[in-house]
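Undergrad: Before anything else, here's the structure in question.
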Amino acid sequence: MFNSNEQYTNLEQIKCYDRMKQEDKTYQVIDGVKYEVRDNKYFYDKSLYIKETNNGHLPYNLTILGSLYIDNSPRFKTLPKNLTVKQNLYLRHTPIKTLPSGLNVGECLEMEHSKITSLPEDLKVGKTINLQNTPIETLPDNLIVNKDLDVSYCTKLKCLPENLIVGGSLYVKKCNSL
């Protein structure tokens, strides 16, 4: 039987029996975080907080059912491809400069004061994108933001795409290069 208080080493496979569903589940621990593994895809069933850590790795094909918060973590240089965050993605004070292809955020993408310089063409965000105070240089040509887009104080942003669609408010303040 699985004991949630037990400590596991990195990349150790864990099997547990779920009495409710009568099925085996496979778990893998990466950088101290336990993920469920199904069909070569990783799942985390709540919000994941990564702050002031030396760990810098998330698995590919990861789905986080809550939010992902990465703050003041200098070793996080990239996010994995095909990352899905069902709620909010917060990136603050990390060296991440680009976001991966296949990124899907269910609600808000918050990158205020990050080092982000570009967004992927296939980015999907359910509600709001906040790029305030970032060195973002360009936005994808066909970017659709269902709610608000904030590019205030993005001093390196040269232009807004012709096909930009914003369903709520567009905030543009002190963008010196526009």
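Undergrad: One residue is enough: does the stretch 73-85 have a residue meeting the conditions crowded, with 17+ Cβ neighbours inside 10 Å and either acidic (Asp, Glu) or farther than 18 Å from LEU119 by Cα (or both)?
TA: Yes, there is a match, as at least one residue in the stretch 73-85 is crowded, with 17+ Cβ neighbours inside 10 Å and either acidic (Asp, Glu) or farther than 18 Å from LEU119 by Cα (or both).
Undergrad: Additional query: Take the residues in the stretch 114-137 that are assigned to a loop (DSSP other than H, G, I, E, B) and in contact with a strand residue (DSSP E or B) (Cβ under 6 Å, 6 or more places away or on another chain); name whichever of them is farthest from PRO59 (Cα to Cα). Steps first, answer last, please.
TA: Here is the first cut: in the stretch 114-137, the ones assigned to a loop (DSSP other than H, G, I, E, B) are 114-117, 119-123, 126-128, 131-137.
From what's left, in contact with a strand residue (DSSP E or B) (Cβ under 6 Å, 6 or more places away or on another chain): 114, 132.
On the way: SER114: 22, GLN132: 28 Å.
Step by step, filter the stretch 114-137, then rank; the result is GLN132.
Undergrad: Determine whether the stretch 141-160 contains at least one residue that is among the β-branched types (Val, Ile, Thr), farther than 24 Å from SER47 by Cβ and crowded, with 16+ Cβ neighbours inside 10 Å. Outline the logic, then answer.
TA: If we filter the stretch 141-160 for residues that are among the β-branched types (Val, Ile, Thr), which is where we start, we get 144-145, 151, 155.
Next cut, farther than 24 Å from SER47 by Cβ only: 144, 151, 155.
Those still in the list that are crowded, with 16+ Cβ neighbours inside 10 Å too: 151.
Among the residues of the stretch 141-160, at least one is among the β-branched types (Val, Ile, Thr), farther than 24 Å from SER47 by Cβ and crowded, with 16+ Cβ neighbours inside 10 Å, which makes the answer yes.
Undergrad: Here's another thing I want to ask about it. I need the full set of residues from the stretch 111-140 which are over 26 Å from LYS46 (Cβ atoms) and hydroxyl-bearing (Ser, Thr, Tyr), in order please.
TA: Within the stretch 111-140, THR117, SER118, THR134, THR138 qualify.
Undergrad: Hey, THR78 hits all of (1) at pLDDT 95 or above; (2) under 12 Å from the mean Cα position of the chain (by Cα) but one; which does it fall short on?
TA: That leaves (1) as the condition not met.
Undergrad: Now for a separate question. Every residue in the stretch 13-56 that is at pLDDT below 70, within 23 Å of LEU83 (Cβ to Cβ) and surrounded by fewer than 12 Cβ atoms within 10 Å (Cβ to Cβ), please. I'd like the intermediate steps shown before the answer.
TA: Our first condition is that a residue be at pLDDT below 70; within the stretch 13-56, this holds for 13-23, 53-55.
The next check asks that each one be within 23 Å of LEU83 (Cβ to Cβ); those that pass are 13-14, 53-55.
Matches in the stretch 13-56: GLN13, ASN54.
Undergrad: Same structure, new question: I need the full set of residues from the stretch 112-155 which are within 22 Å of LYS77 (Cβ to Cβ) and hydroxyl-bearing (Ser, Thr, Tyr), in order please.
TA: SER114, THR117, SER118, THR134, THR138
Undergrad: Being buried (at least 16 other Cβ atoms within 10 Å of the Cβ), at pLDDT 90 or above, part of a loop (DSSP other than H, G, I, E, B) and not basic (Lys, Arg): is that true of LEU91 here? Before the answer, list the steps.
TA: Working: buried (at least 16 other Cβ atoms within 10 Å of the Cβ): yes; at pLDDT 90 or above: yes; part of a loop (DSSP other than H, G, I, E, B): no; not basic (Lys, Arg): yes.
No.
Undergrad: Residue check: is CYS108 under 20 Å from LYS46 (Cα atoms) and surrounded by 14 or more Cβ atoms within 10 Å (Cβ to Cβ)? Working first, answer last.
TA: Values: under 20 Å from LYS46 (Cα atoms): yes; surrounded by 14 or more Cβ atoms within 10 Å (Cβ to Cβ): yes.
Spelling it out, CYS108 is indeed under 20 Å from LYS46 (Cα atoms) and surrounded by 14 or more Cβ atoms within 10 Å (Cβ to Cβ).
Undergrad: Filter the stretch 94-105 for residues that are modelled with pLDDT of 95 or more and not in a loop (DSSP other than H, G, I, E, B); which is surrounded by the fewest Cβ atoms within 10 Å (Cβ to Cβ)?
TA: Residue satisfying both the conditions and the ranking: ASN104.
The values are calculated or read from the model by the stated rules, or taken from the named source; none is laboratory data. Note that the coordinates shown come from a computational prediction; the quantities given were computed from them, not determined experimentally. Cβ sites come from the backbone with ideal geometry, for glycine too, and all protein chains shown count toward neighbours.
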